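Asks: Mind having a look at this structure? Questions to follow.
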Amino acid sequence: MSREVMIKKLNEIERAKIAINKDALKTGKLSPVFREMYALPTNFTCFEAGFLRAISWLYMLYYEAGKGELDFAIEKFNVYPAKNVGAKKKHFQELKTLRTIFQHSFDLEIARNAQQKTIAEDWFFRAIKKKEPATPNDWQICLELIISDALLFLHGVHYVIQRISNDEFSKSIVDDWNFKSSRILQQHDFDSLIWTVAHEFGIDYLDIVKFRKQNADIWIQELQNLTGNFDFKIQARKLIERDMIKKPVSPITGDELMEIFNIPRGPKVKMLAEKALNIFIQNPCSKDELINRLKEQMKTNIF
């Protein structure tokens, strides 16, 4: 596949996204499948850059712009079976893994991370018969495959929407989709409420983003399990207050403890983190003050 043909295929992904939104709204859906986002970048300097930019953009398309909406469509793959259903579902998960592998650093000693690396290596082996790309030609083949996988997946989503439109129970299906769409929440939806609760509780030292990341997935799941209509701010506030009281978050991280005390990763880091949290729970304070208190307690300890 030449560079020009590849760019045309990338533009075809953009057109598929637009067609999916258009036909979904025709069914009576109240919101598009994909929220607005910038156009797919087709101006890349080399095939490696093109591949990395493509997986980053597709991740945002699937897991941010299409957050929650695609889950409903994927569930319907089995209701309206079509060719290569398994491959379409697999691509949705593989894309997330590829993005994680290239955009995050993680410890391969952790089983889940090692599993993700294996998934990525299997994908590359399918593309180029080796565990990772090493040449410009390798990257070109990988870019061709990720584009083909994406188009296959998006055409599958479009097929599902067309089948829903022609289903005798179309209105009931779309009503269910609209109901689930109304409960799609993003993690950052909680930030202003966390700040408000922390301010009212007199907790001026709270790392809002850290606290939200540790709890938001559970909050979202609990809110989605509620039946009937509910006030998001009231219910979300109850969950935030519950966990702010029951799950205090230390303002210092394990990485910072390793740097401050010049120790390698391992049990000593866990011990220090637990000691820091206990000090913090007994008397909440700023990060700097917590570090000083921890140092004082550590003076009599030998590492």
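No value in this document is a laboratory result; all are computed from the given coordinates. Fair warning: this is a prediction, and the values are worked out from it, not measured in the lab. As a convention, Cβ positions derive from the backbone with ideal geometry for all residues, glycine included, and neighbour counts pool all protein chains shown.
Asks: Mind telling me which of LYS88, LYS29, LYS210 comes out most flexible in a GNM of the chain, alpha-carbon contacts under 10 Å?
Replies: Comparing LYS88, LYS29, LYS210 in a Gaussian network model of the chain, the most mobile one is LYS210.
Asks: Per residue of segment 49-56, in order, report the coupling 6.51 cos²θ - 1.76 cosθ + 1.60 (Karplus, θ = phi - 60°) as ³J(HN,Hα) in whole Hz, putting x for Gly and Pro.
Replies: Those phi angles translate into 4, x, 5, 5, 5, 5, 5, 5 Hz.
Asks: Looking at the calculated P(r) for segment 254-298, what percent of the C-alpha pair distances fall above 12 Å? Mind dumping the intermediate values first?
Replies: Numbers: 570 of 990 pairs.
Distances greater than 12 Å cover 58 percent of the Cα pairs.
Asks: Treat segment 30-174 as a sphere of radius equal to its Kirkwood radius over Cα pairs and apply Stokes-Einstein at 25 °C in a medium of 0.890 mPa s; give the translational diffusion coefficient in µm²/s, rounded to a whole number. Mind showing how you got there, number by number?
Replies: Working: Rh = 16.5 Å.
Rounded to a whole number, D works out at 148 µm²/s.
Asks: For ASN113, project a label point 7 Å along Cα to C-beta. Then give me every residue of segment 78-100 with its amide nitrogen under 15 Å of that point.
Replies: Label zone hits: 100.
Asks: May I ask you to derive the relative contact order of segment 128-228, considering only C-alpha pairs under 8 Å and at least 6 residues apart, and to give it as an integer percent?
Replies: Across segment 128-228, relative contact order equals 20 percent.
Asks: Using alpha carbons only, how many degrees (0 to 90, rounded to 10) separate the axis of helix 232-246 from the longest principal axis of the chain?
Replies: 40 degrees
Asks: With no solvent and one point on each alpha carbon, what is the Debye value of log10 I(q)/I(0) for the chain at q = 0.06, 0.08, 0.09, 0.11 Å⁻¹?
Replies: Log-scaled intensity ratios, in q order: -0.29, -0.51, -0.64, -0.88.
Asks: Turning to a different aspect of this structure: Which order do CYS142, CYS46, CYS285 fall in if you start with the one that has the fewest other Cβ atoms within 10 Å?
Replies: Details: CYS142 25, CYS46 12, CYS285 15.
The order, fewest Cβ neighbours first, is CYS46, CYS285, CYS142.
Asks: Hey, another quick one. Along segment 74-86, what does the Karplus equation 6.51 cos²θ - 1.76 cosθ + 1.60 (θ = phi - 60°) give for ³J(HN,Hα), rounded to whole Hz, x for Gly and Pro?
Replies: Computed from phi, the couplings for segment 74-86 are 5, 4, 7, 4, 7, 6, 10, x, 9, 5, 6, 4, x Hz.
Asks: For the chain, what is the calculated [θ] at 222 nm in deg cm²/dmol (nearest 500), taking -39500 (n - 2.57) for each run of four or more DSSP H residues and dividing by its residue count?
Replies: Details: 13 runs with 203 residues, N = 303.
Here the helix-only value at 222 nm equals -22000 deg cm²/dmol.
Asks: Also: So what is log10(I(q)/I(0)) for segment 14-95 at q = 0.25 1/Å, when the Debye sum runs over its Cα atoms only?
Replies: Each listed q maps to, in turn, -1.33.
Asks: I would also like to ask the following. How far is it, in nm, from the label point at SER148 to the one at LYS83 when both lie 7 Å from their Cα along the line to the Cβ?
Replies: With each label placed 7 Å out from Cα toward Cβ, I get 1.3 nm.
Asks: Hey, another quick one. Could you list ASP71, ASP243 in order of exposure, starting from the residue whose Cβ has the fewest other Cβ atoms within 10 Å? Kindly include the intermediate steps, with their values, before the conclusion.
Replies: Values: ASP71 12, ASP243 18.
So the residues, fewest neighbours to most, are ASP71, ASP243.
Asks: Roughly what would the spin-label model give for GLN221 and GLU289, points 7 Å off Cα along C-beta, in nm?
Replies: Simple spin-label model gives 3.5 nm for this pair.
Asks: With only alpha-carbon atoms counted, please give the Rg and Dmax of segment 189-250, in Å.
Replies: That works out to 11.4, 36 Å for Rg and Dmax.
Asks: Whole angstrom only: what separates the Cα centroid of segment 1-46 from the Cα centroid of segment 195-225?
Replies: Using only Cα atoms, the two centres lie 34 Å from each other.
Asks: How large is the translational diffusion coefficient of segment 146-218 in µm² per second when you combine the Kirkwood radius over alpha carbon pairs with Stokes-Einstein at 37 °C and 0.692 mPa s?
Replies: Numbers: Rh = 16.0 Å.
Rounded, D is 205 µm²/s.
Asks: Excluding the sites themselves, what is the longest stretch of the chain that contains no GluC sites (Glu not before Pro) in a DSSP loop with at most 14 other C-beta atoms within 10 Å? Each step should come with its number before you reach the end.
Replies: Details: sites that count: GLU36, GLU109, GLU168.
The answer is 169-303.
Asks: If you add up the charges near LEU30, with Lys and Arg at +1 and Asp and Glu at -1, over every other residue whose beta carbon is less than 14 angstrom from its beta carbon, what do you get? List each step's numbers first, then the result.
Replies: Values: positive: LYS26, LYS29, ARG35, LYS171, LYS180, ARG183; negative: GLU69, ASP175, ASP176.
Taking every other residue near LEU30 into account, the sum is +3.
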